[in-house]
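The structure appears below as structure tokens.
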Amino acid sequence: MPRACTTPAILDKVARIKAIADRHGVSMKAAGLQFTLANPAVAAVIPGASQPSRLAEDRAALAKTIPGAFSHYLSHAGPVAPG
């Protein structure tokens, strides 16, 4: 992923989210897809697939059970704004 337009603040936030995900055994793909879909204002997420095998990864990420502690920590004590 090109980082020419990515700010240091965004890179720091991503690193903090990844550290939280790693502690809870959650992949970044599962975290991104499921956390986004948990917002009632979001009707759909359409991930891009660079190759056919990515479709199976996306499906598995959506089916993965994410611990409630991960979502709670992410939105209440972590780098994501509550709500």
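The values are calculated or read from the model by the stated rules, or taken from the named source; none is laboratory data. What you see is a predicted model, and the numbers here were worked out from it, not measured in a lab. Backbone-built Cβ (ideal geometry, glycine too); neighbour counts: all protein chains shown. Keep in mind that these areas ignore ligands, DNA and RNA; they rest on the heavy atoms of the full protein, side chains included. Shrake-Rupley method; radii C 1.70, N 1.55, O 1.52, S 1.80 Å.
Among residues belonging to segment 45-78 that are hydrophobic (A, V, I, L, M, F, W, C) and surrounded by 15 or more Cβ atoms within 10 Å (Cβ to Cβ), point out the one that is nearest to Val14 (Cα to Cα).
Start the filter on segment 45-78 by keeping residues that are hydrophobic (A, V, I, L, M, F, W, C), which leaves 45-46, 49, 55-56, 60-63, 66, 69-70, 74, 77.
Retained after the next criterion (residues that are surrounded by 15 or more Cβ atoms within 10 Å (Cβ to Cβ)): 61, 66, 70, 74.
Working: Ala61: 18, Ile66: 18, Phe70: 15, Leu74: 12 Å.
The residue in question is Leu74.
Got a sec? Which of Ala31, Ala63, Ala9, Ala21 is among the small types (Gly, Ala, Ser) and touching a Lys or Arg at 6+ places or on another chain (Cβ under 9 Å)? Full working, then the answer.
Values: Ala63 fails: touching a Lys or Arg at 6+ places or on another chain (Cβ under 9 Å); Ala9 fails: touching a Lys or Arg at 6+ places or on another chain (Cβ under 9 Å); Ala21 fails: touching a Lys or Arg at 6+ places or on another chain (Cβ under 9 Å).
Testing whether each residue is among the small types (Gly, Ala, Ser) and touching a Lys or Arg at 6+ places or on another chain (Cβ under 9 Å) leaves just Ala31.
Could you identify the single residue in Lys13, Lys29 that is under 19 Å from Ser71 (Cβ atoms), in contact with a helix residue (DSSP H, G or I) (Cβ under 9 Å, 6 or more places away or on another chain) and surrounded by 11 or more Cβ atoms within 10 Å (Cβ to Cβ)?
On the way: Lys13 fails: in contact with a helix residue (DSSP H, G or I) (Cβ under 9 Å, 6 or more places away or on another chain).
On inspection, the qualifying residue turns out to be Lys29.
Of the residues that make up segment 67-79, is at least one at pLDDT below 85, touching a Lys or Arg at 6+ places or on another chain (Cβ under 9 Å), assigned to a helix (DSSP H, G or I) and at negative phi?
Yes - at least one qualifying residue is present in segment 67-79.
Within the set of pairs 6 or more residues apart or between chains, which connect a residue that is farther than 21 Å from Ser75 by Cβ inside segment 34-56 to a residue that is open to solvent by 90 Å² or more (accessible area, probe 1.4 Å) and modelled with pLDDT under 85 with Cβ atoms less than 8 Å apart?
No pair meets every condition.
Residues of segment 1-21 being more than 12 Å from Leu74 (Cα to Cα) and not hydroxyl-bearing (Ser, Thr, Tyr), which ones? Walk me through it before giving the result.
From segment 1-21, those more than 12 Å from Leu74 (Cα to Cα) are 1-12, 15; that's our starting set.
Selection gives Met1, Pro2, Arg3, Ala4, Cys5, Pro8, Ala9, Ile10, Leu11, Asp12, Ala15.
This table checks each residue for (1) assigned to a loop (DSSP other than H, G, I, E, B); (2) at pLDDT 90 or above; (3) not β-branched (Val, Ile, Thr).
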residue: Met1; (1), (2), (3): yes, no, yes
residue: Thr6; (1), (2), (3): yes, no, no
residue: Ile10; (1), (2), (3): no, no, no
residue: Val14; (1), (2), (3): no, no, no
residue: Ala19; (1), (2), (3): no, yes, yes
residue: Ala30; (1), (2), (3): no, yes, yes
residue: Phe35; (1), (2), (3): no, no, yes
residue: Asn39; (1), (2), (3): yes, no, yes
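Go through the residues of segment 32-44 one by one and say whether even a single one is open to solvent by less than 60 Å² (accessible area, probe 1.4 Å) and either on the phi > 0 side of the Ramachandran plot or small (Gly, Ala, Ser) (or both).
The answer is yes; a qualifying residue exists.
Contact list please: Cβ distance under 8 Å, first residue in segment 63-74 and under 16 Å from Asn39 (Cα atoms), second residue small (Gly, Ala, Ser), pairs at least six apart or on different chains.
Ile66/Ala30; Ile66/Ala31; Phe70/Ala21; Phe70/Ala31; Ser71/Ala38; Leu74/Ala31
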